[in-house]
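Undergrad: Encoded as structure tokens, here's the structure I'll be asking about.
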Amino acid sequence: MNHALLTGDIQNVATVKPFRALRYNQSKVSAPASALVCPPYDVIDAKMQNDLYNKSEHNVVRIEFGKTTPDDKPGSDRYSRAAETFENWIFQNVLRQDGKPAFYLYEQAFDIASGGASRSQVVTRRGIFGACKLEPFGTGCVYPHEETFGGPKADRLALMQSCEANLSPVFGLVPDDGGNMTALLKKGVTFKKPDVEVKEENGVVNRLWVVDDESWCAAMQDYLDGKNLFIADGHHRYETSCNYRNERRTKDNDPEGKLDKDYDYTLMMCVPMSDLGLYILPTHRLIQTAPGLSKDAFLKDSAALFDARDASEQELFATAEEQSGPVKFGVIFKDGSRKLLTVKPAVAEAMKKAQPNKSAAWHALDVSVLQELILKGVLKLSEEKVLRKEGVSYTPDTKNAISRVTDQAGQYVMGFILRPTLIEQVRDISTGNEKMPQKSTYFYPKLLSGLVIRKL
């Protein structure tokens, strides 16, 4: 067994290992844990940010995604304020480091109806927070599935440089065909009551156990050693961690990483790929405008590749939950009319022509067909505009998508209701060293930031 971290010996073979997290010291803060955590930065808008600020002077959003001011300048901005706040909280013992290395078992119990499903079903998702050895995509056993962009990576790198910490986790999936990891997680929650429990406004119950039992940690680490990891969410954070590691290695004159420093790892939430609580929402596309766009023109121009028929609103909701059958998507127009588009046989050849270097698995993705043949093909939106999200907005909420398009005072003229991407598709695209179009998956619920922080 690999007891490297538990015994203090450093070995380079560990893929994911226990660590000593910084966590809130509840004896030093007056607010409950629910007032201290926040969702990932990329789902926080200005109103949510302000609400989180008002919840507590110690809410982690003040570090993870702090406010900007008109007077900001290099060296005096949201990043410098985050670093100062972070160090102050450590000095004041608001954030306290655990005494022993541990895996942090994280459970989220939720009703899928809270994510927009038309039916109610309570499910539970479990995984562990650990320190994952960083490997550039394409060189090891960590696989991405979506494209990343420079802006978010620059923002996250500036924050990491200022705070020298992993403030929020990357969400990773681990193959678990034999159920060994699932069994370990089931055992882990029996050791004691949760150390932290947070119920969100949407009803999601988050529970955290600090598991420092040496035999359990060793068994979990042994299982994870050498396993493939598939990034579910947090691609920008993972690549940012790689960039930060490269900077620190250069500074330490250690280009090959022989020193095996803390910055050679990142904070990773590892969930078994077979977990019954893995729930992926589709990300619907809302269109603001397109050259010569009209309902009649759209239906005429798409007729060569898609069969169209009238659809009820209920059918659009059903489409957003469908997980089998040929590629299809719902269409909602400004006047409230609805269509259901299903691919014709000619789509297969059209996809090969549009993206000849992509695989059959990539061609078969609903989001790929929509992007290549509808957004870029019928609507004539340039690839640059699609990538920059110009004229296109995204939402995982079907009801919200329909109402935003049909709002006569709103900016959207049509919308596309997609089916969810499947876990198997994530795995197949990733292992084929391909990447899906942006916004292909929305894993629900989001992991909370602030339950554990990893100092670098």
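The values are calculated or read from the model by the stated rules, or taken from the named source; none is laboratory data. Computed from a predicted model, the values in this text were never measured in an experiment. Note that each Cβ is placed from the backbone with ideal geometry, even for glycine, and that neighbours are counted across all protein chains shown.
Undergrad: Collect the residues in the range 178-199 that are free of Cβ contacts under 8 Å to residues at least 40 places away in the same chain and small (Gly, Ala, Ser), keeping them in residue-number order.
TA: Result: Gly178, Ala183.
Undergrad: While we're on this one: Any idea which of Phe103, Phe86, Phe91, Phe110 is outside the structural domain of Ala320 (by TED's automatic domain parsing) and under 19 Å from the mean Cα position of the chain (by Cα)? Give the steps one after another, and end with the answer.
TA: Values: Phe103 fails: under 19 Å from the mean Cα position of the chain (by Cα); Phe86 fails: under 19 Å from the mean Cα position of the chain (by Cα); Phe91 fails: under 19 Å from the mean Cα position of the chain (by Cα).
Answer to the check: Phe110.
Undergrad: Could you list, in sequence order, all residues of the range 165-189 that are assigned to a loop (DSSP other than H, G, I, E, B) and at negative phi?
TA: Leu167, Ser168, Pro169, Pro175, Asp176, Asp177, Gly178, Val189
Undergrad: Among (1) under 24 Å from Thr240 (Cβ atoms); (2) surrounded by fewer than 19 Cβ atoms within 10 Å (Cβ to Cβ); (3) at pLDDT below 95, where does Ser80 come up short?
TA: Looking at each condition in turn, Ser80 falls short on (3).
Undergrad: List every residue pair whose Cβ atoms lie under 6 Å apart, where the two residues are 6 or more positions apart in sequence or sit on different chains, the first residue falls within the range 144-166 and is in contact (Cβ under 8 Å) with a residue 40 or more places away in the chain and more than 15 Å from Gly66 (Cβ to Cβ), and the second residue, located anywhere, is in a helix (DSSP H, G or I) and among the small types (Gly, Ala, Ser).
TA: His145/Ser430
Undergrad: Next question, about the same structure. Every residue in the range 30-42 that is surrounded by fewer than 20 Cβ atoms within 10 Å (Cβ to Cβ), hydrophobic (A, V, I, L, M, F, W, C) and in a loop (DSSP other than H, G, I, E, B), please.
TA: Once the filter is applied, which keeps residues that are surrounded by fewer than 20 Cβ atoms within 10 Å (Cβ to Cβ), hydrophobic (A, V, I, L, M, F, W, C) and in a loop (DSSP other than H, G, I, E, B), the range 30-42 yields only Ala31.
Undergrad: Check off (1) in contact (Cβ under 8 Å) with a residue 60 or more places away in the chain; (2) more than 26 Å from the chain's Cα centre (by Cα); (3) at positive phi for Gly234 and give me the number that stays unchecked.
TA: (2)
Undergrad: Find the residue count for the range 196-208, including only residues that are buried (at least 18 other Cβ atoms within 10 Å of the Cβ) and not in a strand (DSSP E or B).
TA: Qualifying residue count for the region: 1.
Undergrad: If you check Val347 against the conditions, is it part of a helix (DSSP H, G or I), in contact with a Gly (Cβ under 8 Å, 6 or more places away or on another chain) and either touching a residue at least 60 places away in the same chain (Cβ under 8 Å) or assigned by TED's automatic domain parsing to the domain that holds Glu315 (or both)?
TA: The answer is no for Val347.
Undergrad: Helices (runs of 4 or more DSSP H) wholly in the range 351-456 with at least 1 residues that are more than 29 Å from Lys295 (Cβ to Cβ) and touching a strand residue (DSSP E or B) at 6+ places or on another chain (Cβ under 6 Å) - which ones?
TA: It comes to 423-431.
Undergrad: In the range 211-244, what count of residues is obtained for those that are aliphatic (A, V, I, L, M), touching a Ser or Thr at 6+ places or on another chain (Cβ under 8 Å) and either assigned to a helix (DSSP H, G or I) or at pLDDT 95 or above (or both)?
TA: Of the residues in that region, 1 qualify.
Undergrad: To continue, here is another question. When you scan the range 397-418, how many residues do you find that are under 23 Å from the mean Cα position of the chain (by Cα) and surrounded by fewer than 22 Cβ atoms within 10 Å (Cβ to Cβ)?
TA: Here the count works out to 3.
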